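Q: I'd like to ask some things about the structure below.
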There are 2 protein chains.
Amino acid sequence: MTTMEQRPAAGAPSAADRADRVAEWAGPSRTPTDGPLTFEELQLAGRNRGMPLEALRYDITPTGLHYLLVHFDIPAVDPAAWRLSLGGLVDRPLELTLDELRERPSQTIPVTLECAGNGRARLTPRPLSNPWMFEAIGTAEWTGTPLGPLLDAAGVRDDAIELVFTGADRGVQGGVEHDFQRSLSLAEARRPEVMLVYAMNGLPLQPQHGFPVRLVVPGWYGMASVKWLRSIEAVAEPFEGYQQARTYRYKTDADDPGDPVSRIRVRSVMAPPGIPDYFSRRRLVDAGPVTLGGRTWGGRGPIQRVEVAVDGTWADATLAPVAGDFAWRAWSFEWDATPGPHTLACRATDAAGETQPAAAPWNYQGMGNNAIQSIEVTVRPTP
Amino acid sequence: MTTMEQRPAAGAPSAADRADRVAEWAGPSRTPTDGPLTFEELQLAGRNRGMPLEALRYDITPTGLHYLLVHFDIPAVDPAAWRLSLGGLVDRPLELTLDELRERPSQTIPVTLECAGNGRARLTPRPLSNPWMFEAIGTAEWTGTPLGPLLDAAGVRDDAIELVFTGADRGVQGGVEHDFQRSLSLAEARRPEVMLVYAMNGLPLQPQHGFPVRLVVPGWYGMASVKWLRSIEAVAEPFEGYQQARTYRYKTDADDPGDPVSRIRVRSVMAPPGIPDYFSRRRLVDAGPVTLGGRTWGGRGPIQRVEVAVDGTWADATLAPVAGDFAWRAWSFEWDATPGPHTLACRATDAAGETQPAAAPWNYQGMGNNAIQSIEVTVRPTP
């Protein structure tokens with residue numbers, strides 16, 4: 001890793017520096033750090049995209065505001081030449097064109113997606129990857145065809161236990177060159193909400209969201225919803241590819257194989273009230289009645305409760321009607337703001353009784369940090 | 001400023017810390033730094049959005065990939081209640097609905113926009129604001145009605161010298177609370193390409209791009225193209241608002257009033273070839289013929305030439321046909337890649353003979369850094 005001071009100036013790097021860098025990328029040790037933001041994290045933050053939290057106001061996130069994490073490069077896919085193969089342990093391998101996929105029965109579902117690494121930059125020490133704070137979220141209306149009936153058409157054999165989904169994006173991670181690939185158990189893949197998606201918010205997928213076709217696995221963190229899908233393979237053994245076995249794991253240290261990341265942990269986020277300072281993003285609020293609001297979601301069961309704390313005192317928020325089994329739910333809270341500094345926070349609890357912690361258990365890759373958000377505001381007297 | 005180590009943990013901050021922060025935001029001194037990335041820069045990078053450079057492949061940037069800089073919050077504007085007022089030193093003040101604006105003569109122009117702060121994070125010491133590297137760019141097809149005829153309809157008086165454009169976004173910057181406002185001289189405002197825009201890439205503006213109506217000033221850095229426009233006022237004196245007189249200036253130090261930032265400096269950017277490493281973004285390229293490519297643009301005259309350097313040796317690239325007076329232009333360069341590490345670079349020269357420097361003159365706010373981009377790649381033998 002290089003810090004901003006250590007990085008080479010804009011000119012050509014020295015040969016030694018170049019050799020160091022090649023050695024580093026062949027097998028980097030991305031040890032979590034207490035140190036400052038690194039140049040590499042800045043590069044990732046400049047490419048990947050969070051949803052500004054004021055966009056919590058939209059039931060459906062405008063396409064250009066949805067969060068985006070792209071591991072490698074956004075690939076260029078020619079839709080006319082594109083084919084989806086469904087093979088491996090099946091009786092009738094399929095190869096589908098985009099038109100054939102679109103002619104199948106379709107469904108449109110509002111789904112909240114969240115990056116498994118959301119909140120990573122709030123952990124200490126800080127795992128090194130995209131430095132998300134709160135903003136790796138978004139809710140879209142996804143349109144596609146359910147996967148289950150396609151599996152039936154292909155005739156998945158009894159000895160298959162998983163499906164491996166392969167995207168068109170390729171690169172190197174942890175010294176391993178690979179296509180982005182993830183697997184799902186057949187039971188998960190056959191859930192009626194799991195679908196092959198070709199439209200988002202009523203329009204064809206934009207390139208960055210997986211054009212022409214992606215998988216969407218509602219309820220799971222985003223890594224399961226493989227973009228730029230090109231093949232599905234039924235296999236008899238657990239898939240051990242990089243993105244399944246090496247990353248997206250709840251690990252205690254570098255050597256711990258860890259538990260797989262799967263469904264989204266219960267969470268709520270508040271849209272910061274008032275107006276911001278450009279640089280610090282601290283908030284200025286006028287005294288008097290203020291409606292606080294935000295969204296809550298989770299992939300492990302319906303949300304039962306959202307609470308809001310003003311300066312540490314918790315009270316129930318009002319939940320809006322459910323908008324879908326896999327979409328976030330709006331909440332609101334009436335606050336009588338008094339002049340001075342205040343700290344606001346929110347936390348959600350799901351039907352299983354899981355609630356957001358003050359601090360989530362630390363893990364080596366910074367996955368699933370659903371710790372409570374708190375927002376500092378300054379309330380000024382109303383003129 | 002706080003570094004990652006110094007920032008408070010996720011719990012409530014101490015009263016002293018809160019008081020410090022309030023004092024800080026009332027009049028922060030954002031002195032450029034040689035130090036590490038700050039927490040505030042990370043927050044901005046998580047909100048604002050660069051265009052991943054592989055998207056240089058698109059003549060027109062997909063809406064969700066266009067760069068985005070929002071000073072304050074994206075405002076919620078009700079299009080039915082929205083009115084644009086055109087007043088000040090005019091004979092016939094106007095108040096227009098969205099429908100009235102859309103019924104006027106329209107034009108659609110491809111325009112490349114770039115943030116004036118693009119490249120800021122490559123300067124040493126680093127000015128403190130959104131830490132852009134190369135990615136604060138994008139080209140859209142903007143549809144709107146030209147401003148000049150509207151000015152004629154309102155009858156701008158002879159004593160007016162400028163127009164002040166006011167957006168619906170409000171916040172604090174440098175201790176000053178204000179609406180985002182910028183001015184343009186009447187001569188600039190009457191140029192035929194300057195327009196009030198209500199559609200981007202054939203669809204109504206998304207909220208983050210200025211819904212329902214924004215100004216677009218082709219050829220200028222992005223700050224001139226005021227989003228969420230709500231009023232235009234003809235004035236007799238130079239406008240001295242914060243975003244005109246205090247920032248968007250080429251300043252040598254904090255006390256220098258500086259020169260105003262205006263038209264886009266000549267620039268070229270290359271799409272990184274090959275495949276990336278996820279974390280370092282270093283590139284891996286197969287040996288043999290490789291077509292390098294990217295875009296070039298500038299707001300001070302047509303581009304005359306793009307050159308590419310491989311390991312410091314410059315040669316001319318091939319320019320694609322011009323796509324419009326204000327849109328970027330594609331270029332390509334055939335490279336026979338040999339195994340080993342290489343450094344690639346590109347630079348553009350415009351018709352006035354201006355060319356990109358190896359290092360741009362440093363300035364206090366990190367504006368207009370059009371220094372040459374260089375990309376390190378590792379070429380491996382072809383199997």
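Q: Treating the point 7 Å from Cα along Cα-beta-carbon as the label, what are the nm separations from B:GLY175 to the other copies, to one decimal?
A: Label-point separations across copies, in nm and ascending: 5.3.
Q: Chymotrypsin sites (Phe, Trp or Tyr not before Pro), restricted to the range B:138-194: which are DSSP loop and have at most 15 other Cβ atoms within 10 Å? The partial results should precede the final answer.
A: Details: sites: B:TRP142, B:PHE165, B:PHE180; in loops: none.
Loop-located and lightly packed - none at all.
Q: Once the Cα atoms of helix B:15-26 and of chain B are each reduced to a long axis, what angle between those two axes, in degrees from 0 to 90 to the nearest 10, is obtained?
A: 80 degrees
Q: Taking the square root of 5 times each eigenvalue of the Cα gyration tensor, what semi-axes in Å does the equivalent ellipsoid of the range B:267-380 have, largest first?
A: 25, 17, 12
Q: While we're on this one: Once each part is reduced to its C-alpha centroid, what is the distance from the range A:312-383 to the range A:44-91 in angstrom?
A: For the range A:312-383 versus the range A:44-91, the Cα centre distance is 27 Å.
Q: Any idea what the relative contact order of the range B:267-380 is, in percent, if you count C-alpha pairs under 8 Å spaced at least 6 apart?
A: On the way: 264 pairs, mean separation 37.3, N = 114.
Relative contact order comes out at 33 percent.
Q: What order do you get for B:318-325, A:116-123 when each peptide is scored by the mean count of other beta carbon atoms within 10 Å, highest first?
A: Answer by packing, highest mean first, reads A:116-123, B:318-325.
Q: Hey, what's the Kirkwood Rh for the protein assembly as shown if you take every pair of different alpha carbons, in angstrom?
A: Taking every pair of different Cα atoms in the protein assembly as shown, averaging 1/r and inverting gives 27.2 Å.
Q: Skipping prolines and chain starts, which residues have an amide H placed within reach, meaning under 5 Å, of the one on A:VAL379, given they are 5 or more residues away or on another chain?
A: A:VAL285, A:GLY340, A:HIS342
Q: Return the calculated 222 nm mean residue ellipticity for the protein assembly as shown, to the nearest 500 deg cm²/dmol, obtained by summing -39500 (n - 2.57) across DSSP H runs with n ≥ 4 and dividing by the residue count. Show your work: numbers first, answer last.
A: Numbers: 10 runs with 76 residues, N = 766.
Theoretical 222 nm ellipticity from helices: -2500 deg cm²/dmol.
Q: Here is a further query. Treating the beta-carbon of each Lys and Arg as +1 and of each Asp and Glu as -1, no other charges, what is the dipole magnitude of the range B:16-255 about its Cα centre, to the nearest 20 debye?
A: Here the range B:16-255 has a charge dipole of around 400 debye.
Q: Quick one: work out Rg over Rh on the C-alpha atoms of the range B:143-298, Rh as Kirkwood radius.
A: Using only Cα positions, Rg/Rh for the range B:143-298 is 1.08.
Q: Kindly provide the Kirkwood hydrodynamic radius of chain B in Å, to one decimal, from all pairs of distinct alpha carbon atoms.
A: Roughly 22.3 Å, rounded to one decimal.
Q: Taking the label point as lying 7 angstrom from Cα along the Cα-to-Cβ axis, what are the distances from A:ALA352 to the corresponding position in the remaining copies, in ascending order and in nanometres?
A: 6.3
Q: Roughly how big is the protein assembly as shown's charge dipole about its Cα centre, with Cβ charges of +1 (Lys, Arg) and -1 (Asp, Glu), in debye to the nearest 20?
A: About 80 debye.
Q: Give the nm distances, rounded to one decimal, from B:ASP256 to the matching residue in every other copy, measuring between label points 7 Å along Cα toward the beta carbon; shortest first.
A: The projected label point of B:ASP256 is separated from its counterparts by 5.2 nm.
Q: Can you compute 3J(HN,Hα) from phi for each residue in the range B:208-225, using the Karplus curve 6.51 cos²θ - 1.76 cosθ + 1.60 with θ = phi - 60°, rounded to whole Hz and x for Gly and Pro?
A: So the J values, rounded to whole Hz, are 6, 9, x, 3, x, 9, 10, 7, 10, 10, x, x, 9, 4, x, 4, 6, 8.
Q: Karplus couplings for the range A:198-203 from phi (6.51 cos²θ - 1.76 cosθ + 1.60, θ = phi - 60°), rounded to Hz, Gly and Pro as x?
A: So the Karplus estimates, Gly and Pro as x, are 10, 9, 9, 6, x, 10 Hz.
Q: Taking each residue in B:54-65, count the Cβ atoms of any other chain within 10 Å of its Cβ, then average. What number comes out?
A: If you average over the peptide's residues, the count of other-chain Cβ atoms is 5.
Q: Could you tell me the relative contact order of chain B? Use alpha-carbon pairs under 8 Å, at least six residues apart, and round to a whole percent.
A: Here the relative contact order equals 17 percent.
Q: Shielding of B:201-213 by partners, i.e. mean partner chain Cβ atoms within 10 Å per residue?
A: Per residue, the number of nearby Cβ atoms from other chains is 2 on average.
Q: Also, quick follow-up: How big is the gap, in Å, between the Cα center of the range A:231-308 and the Cα center of the range A:111-185?
A: What the calculation gives is 14 Å, centre to centre.
Q: Also, quick follow-up: When the Karplus curve 6.51 cos²θ - 1.76 cosθ + 1.60 is applied with θ = phi - 60°, which whole-Hz ³J(HN,Hα) does each residue of the range B:97-104 get, with x for Gly and Pro?
A: So the Karplus estimates, Gly and Pro as x, are 7, 4, 4, 4, 5, 6, 7, 6 Hz.
Q: Excluding same-chain residues fewer than 8 positions from A:LYS227, which lysines have a Cα within less than 29 Å of its Cα?
A: A:LYS251
Q: Within 10 Å of each Cβ in peptide B:338-344, how many partner chain Cβ atoms are there on average? Round it to a whole number, please.
A: Per residue, the average neighbour count from other chains is 2.
Rule-based calculations on the coordinates, nothing more; no lab input. Since we're looking at a predicted model, the values are computed, not measured. Neighbour counts are summed over all protein chains in view; Cβ atoms, including those assigned to glycine, are modelled from backbone coordinates with ideal geometry.
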